[in-house]
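What follows is one structure encoded as structure tokens, with my remarks underneath.
The values are calculated or read from the model by the stated rules, or taken from the named source; none is laboratory data. As the structure is a prediction and not an experimental result, all values here were calculated from the model. Here the Cβ positions follow ideal geometry from the backbone for every residue, glycine too, while neighbour counts run over all protein chains shown. Side chains are part of the model used for accessible areas, which takes the heavy atoms of the whole protein and leaves out ligands, DNA and RNA. Shrake-Rupley method; radii C 1.70, N 1.55, O 1.52, S 1.80 Å.
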Amino acid sequence: MNRLKDSTSPYLLQHANNPVDWYMWGEEAFAKARSENKPILLSVGYSACHWCHVMAHESFEDPATAAIMNRDFVCIKVDREERPDVDEIYMQATMMFNRSGGWPMTVFLTPDGRPFHAGTYYPKSDRYGMRSFTAIMAAVNDAYRNRHEQVEQIASEVTQGLQQTGFALNNGHADDALNVTLLEAAYQGMIRSFDEIYGGLTRGRPKFPSPMNLEFVLRTYAHTRLPSALEIITFSLRKMAHGGIYDQIGGGFHRYSVDEHWLVPHFEKMLYDNAQLSRLYLHAWQASGDAFFKQIAIEIYDYILREMTSPDGGFYSTTDADSEGEEGKFFVWDLDELDSLLTPDEAAAASAYWDITPNGNFEGRNILNVPIDEAVIAKKLSISLDVLHERLASARPKLYAAREKRIHPGRDEKILTAWNGLMLASLAEAARVLNRDDYRQAAIRNADFLLTAMKRDGRLLRSHKDGKSAINAYLEDYADLSEGLLELYQTTFDPRYFSEAVALTEVVLAHFVVPEGAGFFDTSDDHETLIARPRSLQDNATPSGNSMMAKVLVKLAAYTGEARYEDSARPLLRGLADAMREYPTAFGEALNAADLLIRGIKEIAIIGDPAQSATQALLAVTNSGFRPNAIVALSPQDVGGTATPMLLAYRMQMAGKPAAYVCEHFICQRPVTEPEALRTLLDDQ
């Protein structure tokens, strides 16, 4: 086995038996490259990446190819999920060379880490209009040996570009750049490419769910009551949940769809997708009242707790797309298989509902999806909707049990702080909205695990596997976990979780701030020195750490009354105003943060014992409907001048009754004790 055998990353461990003399990212590899004057071959991927597996099987497991790699290069393998800083820097370089990026990412570096050539997947032999991996390596090695001055020039120019602070903020804007007109323009831009046929905010293929952008559309509906905004959300989410991108048997979403109608996914399942989408479906149910969206959210939560939760309460990262060497094999079905597992009535209902045919819809087999309205299916089968639902409810667990006997895809069991923070936020909110104590307990266990195993000397760590936590945490780790802790506080009203969120935010303000600028770096000021210090402002599959941090800061300002939190968020959002207006689909989470700042936050303080029915009735109002710009604090007894959070200071019950105070910027309406009076205050736009 090579050096990767000592890694905590399941992705790196997948390559531990390669004949390649892999190094992990670190000084040992760079020292060897310097001493032997060899270029570095950097390969970046992740465990659920299909084409990463293809390149591994074709090239990294091939002794002849490995011999060339070992002879001519010092080879470094990086898990992009553990090292988003390395991934971000060299993905930017890859895009400079190719105008596009992706994984696996293959970058050739000078011994001091500067990139001079880059690409993504390279085939073993010439095909797809691409040169072979061996031909690329030969050309790169020849350039390094025989045209070294040219290589040095390229490396220097690319590195200078990387050392720019990324996306340029327009810091010349005045505060009035953040206004409702900006949100309205961004909304129009967001829905410009809405797919009226298949749903989603883009037409064509591939199709990504884009939960942050859909969340912004839903927020727009919450504030404006535009019927078209809600229709875009409900139509898109229904199409997605009926597609093959959704696991119709086990719950949870796959990564994305390769076609325009959500049928054929890349079959990996990512924690971060399901964290964001479960919360979006929960919000869609709150906004629309349609129980379908509630059911999808519940199915996602149950999948996460059943299949993606560690014994310690952390959430695993991914499940693979491949099993037995085939993409999607675990998830697809044959008609004969259904007939053998189900009663004739169940099989007829299942095959009609999930579009299961003898010829299949994916390489001769069937990806389960729901292309026809269930009322049409019931009529076709000459049964009622209730009977159809009964037969599907009977068939689904039988199919799940049979599928469990198959060889499972690999599961990446590393626990990442940022992704766990996203899941914590969703699960904690669901616990109170759905009144599910099992979700509440799971959220508490997750938070307590993260605050114990992933925190050392007041600072967070990024990754945990097999009892070991490692790697300095990144901005997104602090931001996402802080958001999750604020949601858990609103579910438990345990002030410890609020205080922990504040403490993590203070670390960000001390160690991540851009000096004399706006926003934050992705890495702390005491992080490993790389060729550039990344600062990501645009969303990718997960929210930008800057945008999520801005959202947390605006909420903390509302909870505490401390203007310095808002003062840290405002310049960042103001600097992004032009980008949010012109490219809204790249800044969904920034728009969600700007929405809080521009439209304001309803600050709700409730004083009353949560065990009393009168207090519960007030809390039920705060948990009903979709109110994205509301925060809640609670104290079981009257409060004096000191409180955690300060929103509770000087609040008390009214004539012995639990009372609710609704404020904006700490300017409060008269307290109310009746649920309907509270509802009126909250519904006042």
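Looking across the stretch 448-499, the residues that are open to solvent by 10 Å² or more (accessible area, probe 1.4 Å) and part of a strand (DSSP E or B) come down to Lys455, Arg456, Arg459, Leu461, His464, Lys465, Lys468, Ser469, Ala470, Ile471, Asn472.
Hand me the list of helices (runs of 4 or more DSSP H) wholly inside the stretch 81-197 holding 2 or more residues that are under 27 Å from Asn472 (Cβ atoms) and aliphatic (A, V, I, L, M).
Numbers: elements: 84-98, 133-146, 148-162, 180-190.
Here the list reads 84-98, 148-162.
Among the residues of the stretch 284-295, the one identified as out of contact with any His (no Cβ under 9 Å at 6 or more places or on another chain) and open to solvent by less than 10 Å² (accessible area, probe 1.4 Å) is Ala284.
Tell me which residues, restricted to the stretch 63-87, are within 19 Å of Leu537 (Cβ to Cβ) and open to solvent by 40 Å² or more (accessible area, probe 1.4 Å). If you could, list the steps in order and put the result at the bottom.
Filtering the stretch 63-87 for residues within 19 Å of Leu537 (Cβ to Cβ) gives 80, 84-87.
Result: Arg80, single match.
When you check Lys379 against the structure, is it charged (D, E, K, R), over 18 Å from Leu338 (Cβ atoms) and under 26 Å from the mean Cα position of the chain (by Cα), yes or no? So Lys379 does not fit the description; no. Looking across the stretch 633-685, the residues that are within 15 Å of Ala614 (Cα to Cα), outside any loop (DSSP other than H, G, I, E, B) and among the aliphatic types (A, V, I, L, M) come down to Leu634, Met654, Ala659, Ala660, Val672, Ala677, Leu678. Cβ separations smaller than 8 Å between residues 6+ apart or across chains give the following pairs from the stretch 657-673 residues that are under 13 Å from Thr622 (Cβ atoms) to residues that are among the hydroxyl-bearing types (Ser, Thr, Tyr) and assigned to a loop (DSSP other than H, G, I, E, B): Pro658/Thr673; Ala660/Thr673.
Inside the stretch 363-439, counting only helices (runs of 4 or more DSSP H) that do not spill past its ends, which hold 2 or more residues that are under 30 Å from Leu461 (Cα atoms)?
Numbers: elements: 374-381, 385-404, 417-433.
Passing ranges, in order: 417-433.
One residue stands out among those in the stretch 508-524 that are farther than 20 Å from Gln160 by Cα and open to solvent by 20 Å² or more (accessible area, probe 1.4 Å): the one that is modelled with the lowest pLDDT, which is Glu516.
Scanning the stretch 617-632 for residues that are assigned to a helix (DSSP H, G or I) and not small (Gly, Ala, Ser), which turns out surrounded by the most Cβ atoms within 10 Å (Cβ to Cβ)?
In the first step, residues of the stretch 617-632 are kept if they are assigned to a helix (DSSP H, G or I); the result is 617-622.
With not small (Gly, Ala, Ser) added as a condition, the list becomes 618-619, 621-622.
Values: Leu618: 27, Leu619: 22, Val621: 23, Thr622: 24.
That would be Leu618.
When Met95 is tested against (1) open to solvent by 40 Å² or more (accessible area, probe 1.4 Å); (2) within 25 Å of Asn17 (Cβ to Cβ); (3) within 24 Å of the chain's Cα centre (by Cα); (4) not polar (S, T, N, Q), only condition (2) is not met. Of the residues in the stretch 305-327, not one is within 14 Å of Ile249 (Cα to Cα), open to solvent by less than 10 Å² (accessible area, probe 1.4 Å) and either out of contact with any helix residue (DSSP H, G or I) (no Cβ under 9 Å at 6 or more places or on another chain) or not in a helix (DSSP H, G or I) (or both).
Given Ser613, Ser544, which one is of a type in the set (S, T, N, Q) and either out of contact with any helix residue (DSSP H, G or I) (no Cβ under 8 Å at 6 or more places or on another chain) or free of Cβ contacts under 8 Å to residues at least 40 places away in the same chain (or both)? Write out each step before concluding.
Numbers: Ser544 fails: either out of contact with any helix residue (DSSP H, G or I) (no Cβ under 8 Å at 6 or more places or on another chain) or free of Cβ contacts under 8 Å to residues at least 40 places away in the same chain (or both).
Only one candidate qualifies: Ser613.
All of Asn141, Asn171 fail the test of being more than 30 Å from Lys239 (Cβ to Cβ), of a type outside the set (D, E, K, R), open to solvent by 20 Å² or more (accessible area, probe 1.4 Å) and modelled with pLDDT of 95 or more, apart from Asn141.
Annotation note: of Pro39, Pro63, the sole residue that is touching a Phe, Trp or Tyr at 6+ places or on another chain (Cβ under 7 Å) and not hydroxyl-bearing (Ser, Thr, Tyr) is Pro39. Look at (1) more than 19 Å from Met190 (Cα to Cα); (2) modelled with pLDDT of 95 or more; (3) buried (at least 18 other Cβ atoms within 10 Å of the Cβ) and you find that Ala594 fails only one, number (1). Take Ser100 and decide whether it is modelled with pLDDT under 95 and open to solvent by 10 Å² or more (accessible area, probe 1.4 Å). Yes, satisfied.
Among the residues of the stretch 599-613, count how many are over 23 Å from Val552 (Cα atoms) and buried (at least 16 other Cβ atoms within 10 Å of the Cβ). Give the steps one after another, and end with the answer.
Pass one, the stretch 599-613, residues over 23 Å from Val552 (Cα atoms): 607-613.
Adding the requirement that they be buried (at least 16 other Cβ atoms within 10 Å of the Cβ) leaves 607-608.
The number of residues fulfilling the criteria is 2.
Residues in the stretch 223-236 that are open to solvent by less than 10 Å² (accessible area, probe 1.4 Å) and under 15 Å from Gln286 (Cα atoms) were compared, and the one that is nearest to the chain's Cα centre (by Cα) is Ile233. In summary, helices (runs of 4 or more DSSP H) completely within the stretch 3-62 and bearing 3 or more residues that are open to solvent by 30 Å² or more (accessible area, probe 1.4 Å) and at pLDDT 95 or above occur at 27-36.
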